[in-house]
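The values are calculated or read from the model by the stated rules, or taken from the named source; none is laboratory data. As the structure is a prediction and not an experimental result, all values here were calculated from the model. A quick note on method: Cβ atoms are made from the backbone with ideal geometry, for glycine too, and the neighbour counts reach across all protein chains shown.
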Amino acid sequence: MGGEFVAATILISVFSSTNSVILTAPRVFYAMAKDNLFFKKLAEVHPRFQTPAASVISLGVLAAILTQAGKFSELVEGVIFVGWIFYGLAGAAIFPLRRKLGGKTLPYQVPGYPWTPILFVLSAIAIVGNAIYRATIDPAQFRHVLAALAFLAAGIPAYYSGVLAPANEIVPSSRRMEPLTSFRCRILKQGPGTSLFA
């Protein structure tokens, strides 16, 4: 009975995590594609549901590939390791962005700033550093980390290849999804027609 309860709790946690990822990750793909930083197909929006359908499908395909690539523990040791690199970078990005704003009022203040993001970045560094340390003493862990880094490096030639949207190409308004936020942020505008990341 106790084992079944734990299993059910884990399933609930997995489903809730899956729900949050499905809602957020495809919109990151969409925003990158709209800014010509990812495959232009992913900037398209479903004409009826007004959702980034191509991005959602792409996320599902990627998830399916990863589930076939190895066991759960291997995915945790490899893919999650790469994920924490970018979590740390995202957390550290708040500091140059704050400097760029030059003291302007923000719509949202990070509680405990600057210590909260500093603690998060240090935690990310610790997690990544621990994975690297374990890889130096465990051959299996080394293979997982190496495979994850190879998977990450595979994105470099894709980025510089001709499959990405040309810099001068503008996605037609009929294919764009204005309610979603792109990296050329509509969150903090510096003035009419300009944005924080322009």
Legend entry - Pick from region 117-144, criterion over 21 Å from the mean Cα position of the chain (by Cα) and of a type in the set (S, T, N, Q), ranking: modelled with the lowest pLDDT: GLN141
Legend entry - One residue from PHE95, PHE72, PHE29 being closer than 29 Å to ILE125 by Cα and surrounded by fewer than 10 Cβ atoms within 10 Å (Cβ to Cβ): PHE72
Legend entry - Only listed residue being in a loop (DSSP other than H, G, I, E, B) and of a type in the set (A, V, I, L, M, F, W, C), chosen from PHE49, PHE15: PHE49
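Results for (1) of a type in the set (S, T, N, Q); (2) touching a helix residue (DSSP H, G or I) at 6+ places or on another chain (Cβ under 6 Å); (3) surrounded by 13 or more Cβ atoms within 10 Å (Cβ to Cβ); (4) on the phi > 0 side of the Ramachandran plot, shown as yes or no for each residue.
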site	(1), (2), (3), (4)
TYR108	no, no, no, no
TRP115	no, no, no, no
ALA124	no, yes, yes, no
THR136	yes, no, no, no
ALA140	no, no, no, no
Inset, instruction - Could you tell me whether THR9 is among the β-branched types (Val, Ile, Thr), exposed (fewer than 12 other Cβ atoms within 10 Å of the Cβ), in a helix (DSSP H, G or I) and under 18 Å from the mean Cα position of the chain (by Cα)? - result: no
Inset, instruction - Within region 68-109, track down each residue that is over 30 Å from PRO139 (Cα atoms) and touching a Lys or Arg at 6+ places or on another chain (Cβ under 9 Å). - result: LEU106
Inset, instruction - Give region 145-154 a look and list any residue that's within 13 Å of GLY83 (Cβ to Cβ) and not aromatic (Phe, Trp, Tyr), or say none. - result: VAL145, ALA148, LEU149, LEU152
Inset, instruction - Go through region 32-41 and give me each residue that's part of a helix (DSSP H, G or I) and buried (at least 22 other Cβ atoms within 10 Å of the Cβ). - result: ALA33, LYS34
